[in-house]
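Heads up: the structure comes next, in structure tokens.
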Amino acid sequence: MRILISALSVFVLLLTGPAAQAGPIKIKFSHVVAVNTPKGQMAEKFKELVEQRLAGKVEVNVFPNAQLFGDNKVLEALLLGDVQLAAPSLSKFQKYTKSLQLFDLPFLFQNIGAVDRFMATDGSKKLLRSTEKKGLLGLGFLHNGMKQLSASSPLTVPADAAGMKFRIMTSDVLAAQFQAVKASPQKKPFSEVFTLLQTKAIDGQENTWSNIFSKKFFEVQDHITHSDHGYLGYMVVTSTEFWNDLPDNIRGELEKALADAITYGNQVANEKAVSDKKAIMDSGRSTIIELSSEQRAQWVEAMKPVWKKFEDDIGKDLIDAALKANQN
Ligand code: LMR
């Protein structure tokens, strides 16, 4: 009897793993941005490569624009097996790990080159595993770009932001960043930002040129300050259970396809940081404010105390490694 029961459980186990599914393994990739963005393009490239390299074995379906799940639900959906891949911004993992809050510290990375140097260190590899205990596995990091501040009135010095309401992602570091300039941070999903700005329920927001352009925020914000005050990037993430259950050869091919798709997405990110800024400028819908070095220094000074506040949560070693990456 005992032998029969264990034989039966092995059989059930074989039937329930992804390898035992009839037909191709299905991967749903859910994200919140437009297709014509670094993340949107990376996801499409991943689908294309998997279809070429694993035809008939794996099928990828991409759901952009928060069609399937918004920011606050997608990580739970991964754990429930409702989707298999997502790439939320690094600011949206706070419930799962404190380490990724590093990337939200204002004026930490001087530019994308510095982020690349940091990503090449062992410290960043460890960050991919920082959510593992909670059942989520990081598979890679992708850039969007440096964030800019947009608002209904011009922001040149920190005092201009005082009293204004800014939409932020679900990150306490970002909340502290706006509190540091006496503004009021509002945690809201990405899919609601356009309407909140249009109806003037909020005064401003922070995002990259490609998100401001593709979601038309520039059409409902009169001013954008070229502040480069923070980094927006993503962790491509899956459920540990789903990933570990994949047959080794398929997992290996998916890892390669993802690495290639990320390389492509990073190129798109670099191009869009220039072309989408230009498209906004050419539209004439929004004024772009370039800060003098004295004005920029005032923002750095005002927001700097945020680092100390989160140093224990994030870890001083990680902050130091990030700072080192600024030295070319
Ligand atoms: C945001 O919520 O502002 C961004 O993280 C959206 C995204 O995924 O780029």
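The values are calculated or read from the model by the stated rules, or taken from the named source; none is laboratory data. Keep in mind it's a predicted model, so treat the numbers as computed, not measured. All Cβ positions, even for glycine, are placed from backbone atoms using ideal geometry, and neighbour counts span all protein chains on display. Heavy atoms of the whole protein, side chains included, go into the accessibility calculation; ligands, DNA and RNA do not. Shrake-Rupley method; radii C 1.70, N 1.55, O 1.52, S 1.80 Å.
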Taking only the alpha carbons of the range 13-324, the radius of gyration and the largest Cα-Cα distance, Dmax, both in angstrom, are 19.5, 65
Mean separation of Cα pairs under 8 Å and 6+ residues apart, divided by the residue count of the chain: what relative contact order is that in percent? 26
Would you mind telling me the antiparallel percentage of the DSSP bridges in the chain, rounded to 5? 50
Can you list residues from other chains, or at least 5 along the same chain, whose modelled amide H is less than 5 Å from the amide H of Gly230? Phe107, Lys147
Taking amide H positions as placed 1.01 Å from N in the peptide plane, with prolines and chain starts having none, which residues 5 or more places from Ile25, or on another chain, fall under 5 Å of its amide H? Val58, Glu59
What 222 nm value per residue comes from the helices of the chain, counting each DSSP H run with n ≥ 4 as -39,500 (n - 2.57) and dividing by all residues, nearest 500 deg cm²/dmol? -13500 deg cm²/dmol
Normalised contact order of the range 165-230, rounded percent, pairs of Cα under 8 Å and 6 or more residues apart: 32
Round to the nearest 0.05 the FRET efficiency obtained for Gln52 and Ser283 when R0 = 35 Å and r is the Cβ-Cβ distance. 0.40
Taking only protein heavy atoms into account and a 1.4 Å probe, give the accessible area per residue of the chain in Å². 46
Please state the charge dipole magnitude for the range 13-324, taken about the Cα centre, from unit charges on C-beta atoms (+1 on K and R, -1 on D and E), reported in debye and rounded to the nearest 20. 320
Picking from Lys308, Lys256, Lys47, which is most flexible by a Gaussian network model of the chain using Cα springs under 10 Å? Lys308
Burial ranking of peptide ranges 226-236, 291-301 (average Cβ count within 10 Å, highest at the top): 226-236, 291-301
Which length gain, in nm to one decimal place, applies between Phe194 and Asp260 when the Cα-Cα distance is subtracted from 0.36 nm times their residue separation? 20.6 nm
Search the structure for amide H atoms under 5 Å from the amide H of Gln186, placed 1.01 Å from N in the peptide plane, and list their residues when 5 or more places away or on another chain. Phe166, Arg167, Ile168
Expressed as a percent, the accessible surface of the chain that is carbon or sulfur, using a 1.4 Å probe and the full set of protein chains, is 53
In 5 Å bins starting at zero, report the fraction of Cα pairs in the range 207-299 per bin as a rounded %. 2, 11, 17, 16, 13, 11, 9, 8, 6, 5, 2, 0
Which of Lys182/Lys324; Lys272/Lys324; Lys95/Lys188; Lys182/Lys272; Lys26/Lys47 have a Cα-Cα distance over 21 Å? Lys182/Lys324; Lys272/Lys324; Lys182/Lys272
I need two numbers for the range 124-163: Rg to one decimal and Dmax as a whole number, Cα atoms only, in Å. 17.8, 44
